Amino acid sequence: MSLSDTYFRHQCIIRRLEKAPANQQEIREYYELECETHGYNFIFSNRTFIRDKQEILSLHKKDIAYNSATRKYFLEEDDVPDDFGNRIADAYNTYLALNLADGTADYIHLEKRRPQGMEHFHDLLNALRNKLVIQFSYEKYYDDNISERRVEPMALKEFKSRWYLVSRDTKDNVIKTFALDRISALELTKQKFKLDKNFKMAEHFKYCFGIIRPSHSDVKPEKIVLALSAKNGKYIKSLPLHESQRTILDNKEETQIELELYITRDFIMELLSYGKDLKVLAPLHLKETINRIFSEAAE
């Protein structure tokens with residue numbers, strides 16, 4: 001039995017139970033149909049299903065429970081969603097769809113923009129795993145000068161289909177973020193470094209909209225209240241701006257949300273993209289900033 005067969009069976013079981021609770025026969029029938037569609041080997045038995053349940057919990061962090069009253073299996077709700085596992089599953093399901101038949105380009109249109117800098121990904125992962133100091137040339141879009149950097153890599157972070165390297169600059173010992181598409185002449189040194197055990201990526205970016213974090217430590221996150229029409233509110237509720245987002249008003253006329261984060265340039269740009277469909281209710285200085293930018297644009 002190949003690894004791809006096993007992973008395919010896992011995804012079939014998960015997808016079937018995401019639709020609705022099902023007994024083993026219903027899961028078997030769904031899996032058999034998917035095997036015929038995609039050309040996979042059909043392997044299903046009570047023993048393999050028991051093993052699959054354990055592996056799905058271990059690998060995909062999804063717990064399959066059994067309701068003795070309905071005699072059906074169901075997925076327990078995730079207390080802590082496994083974003084990494086979900087992304088792998090999404091990529092795998094996209095691959096299956098694209099590999100289904102010839103001529104998929106006629107009805108599946110992928111975005112033409114591909115993130116640049118991905119050629120560095122493997123080397124950066126190597127440096128991260130082995131805690132190796134790296135050096136590279138870096139170009140800022142608002143500065144014509146190309147600077148030479150020597151850093152201790154700490155993590156890779158994705159934001160809006162771009163990848164960024166979070167690292168500690170050995171020159172000033174400050175944690176900085178570098179876009180992979182602006183890195184060139186990347187070199188892994190043989191110098192090792194010790195990772196700061198007190199540094200937590202999730203805490204570092206907890207109140208950040210994207211990858212920009214205020215450089216001054218005295219800057220604090222702020223409570224932000226935004227209002228949208230009920231129609232646009234559905235979009236922002238289905239794809240929250242930030243993990244701190246919560247709905248404080250939701251009726252037929254208007255949706256209001258509250259966020260707690262740093263007010264940074266990338267967050268302001270996101271608000272501007274909503275145009276007249278969004279109103280800033282608080283804080284006042286953010287509302288004034290948005291009004292000023294639109295007034296300058298109108299002139």
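The values are calculated or read from the model by the stated rules, or taken from the named source; none is laboratory data. All values reported here derive from a predicted model rather than from experimental measurement. With ideal geometry, Cβ positions are generated from the backbone for all residues, glycine too; neighbour counts draw on all protein chains shown. To get the accessible areas, we keep the full protein, side chains included, count just its heavy atoms, and leave off ligands, DNA and RNA. Shrake-Rupley method; radii C 1.70, N 1.55, O 1.52, S 1.80 Å.
Which one is nearest to Leu239 (Cα to Cα), of the residues in region 251-284 that are aliphatic (A, V, I, L, M) and part of a helix (DSSP H, G or I)? Step through it out loud before you land on a result.
Step one: list which residues in region 251-284 are aliphatic (A, V, I, L, M), which gives 257, 259, 261, 263, 268-269, 271-272, 278, 280-282, 284.
Then keep just the ones that are part of a helix (DSSP H, G or I); that gives 268-269, 271-272, 284.
Numbers: Ile268: 17, Met269: 17, Leu271: 14, Leu272: 17, Leu284: 25 Å.
Going through the qualifying residues, I end up with Leu271.
What pairs can you find where one residue is in region 66-92 and within 20 Å of Gln24 (Cα to Cα) and open to solvent by 80 Å² or more (accessible area, probe 1.4 Å), the other is modelled with pLDDT of 90 or more and of a type in the set (Val, Ile, Thr), and their Cβ atoms are less than 9 Å apart, with a gap of 6+ or different chains?
Matching pairs, first to second residue: Glu76/Ile64.
Among the residues of region 149-159, is there at least one that is open to solvent by 40 Å² or more (accessible area, probe 1.4 Å), in contact (Cβ under 8 Å) with a residue 12 or more places away in the chain, touching a strand residue (DSSP E or B) at 6+ places or on another chain (Cβ under 6 Å) and within 27 Å of Glu260 (Cβ to Cβ)?
Checked region 149-159: at least one residue is open to solvent by 40 Å² or more (accessible area, probe 1.4 Å), in contact (Cβ under 8 Å) with a residue 12 or more places away in the chain, touching a strand residue (DSSP E or B) at 6+ places or on another chain (Cβ under 6 Å) and within 27 Å of Glu260 (Cβ to Cβ).
What pairs can you find where one residue is in region 215-242 and at negative phi, the other is charged (D, E, K, R) and in a loop (DSSP other than H, G, I, E, B), and their Cβ atoms are less than 8 Å apart, with a gap of 6+ or different chains?
Close Cβ pairs satisfying both conditions: Ser229/Glu253; Ala230/Lys252; Ala230/Glu253.
Go through region 246-273 and count every residue that is more than 17 Å from Ser229 (Cβ to Cβ) and open to solvent by 60 Å² or more (accessible area, probe 1.4 Å).
3
Filtering region 29-74 down to residues that are outside any loop (DSSP other than H, G, I, E, B) and small (Gly, Ala, Ser), which residue is nearest to Ile13 (Cα to Cα)?
Taking the candidates together, the pick is Ala65.
Within the set of pairs 6+ apart or on separate chains, which have a first residue in region 105-129 that is open to solvent by 100 Å² or more (accessible area, probe 1.4 Å), a second that is outside any loop (DSSP other than H, G, I, E, B) and modelled with pLDDT of 70 or more, and C-beta atoms under 6 Å apart?
What qualifies is Gln116/Asp181.
So for region 274-296 (the condition being open to solvent by 30 Å² or more (accessible area, probe 1.4 Å) and within 30 Å of Leu156 (Cα to Cα)), does at least one residue qualify?
yes
Is it the case that some residue within region 12-27 is in contact with a Pro (Cβ under 7 Å, 6 or more places away or on another chain) and in contact (Cβ under 8 Å) with a residue 12 or more places away in the chain? First the steps, then the outcome.
Of all residues in region 12-27, those in contact with a Pro (Cβ under 7 Å, 6 or more places away or on another chain) come to none.
Looking through region 12-27, none of the residues is in contact with a Pro (Cβ under 7 Å, 6 or more places away or on another chain) and in contact (Cβ under 8 Å) with a residue 12 or more places away in the chain.
Given the conditions (1) in contact with a Leu (Cβ under 9 Å, 6 or more places away or on another chain); (2) open to solvent by 80 Å² or more (accessible area, probe 1.4 Å); (3) modelled with pLDDT under 90, and given that Lys223 satisfies all but one, which numbered condition is not satisfied?
For Lys223, the failing item is (3).
Of the numbered conditions (1) farther than 20 Å from Leu284 by Cβ; (2) acidic (Asp, Glu); (3) modelled with pLDDT of 90 or more, Asp196 fails exactly one; give the number of that condition.
(3)
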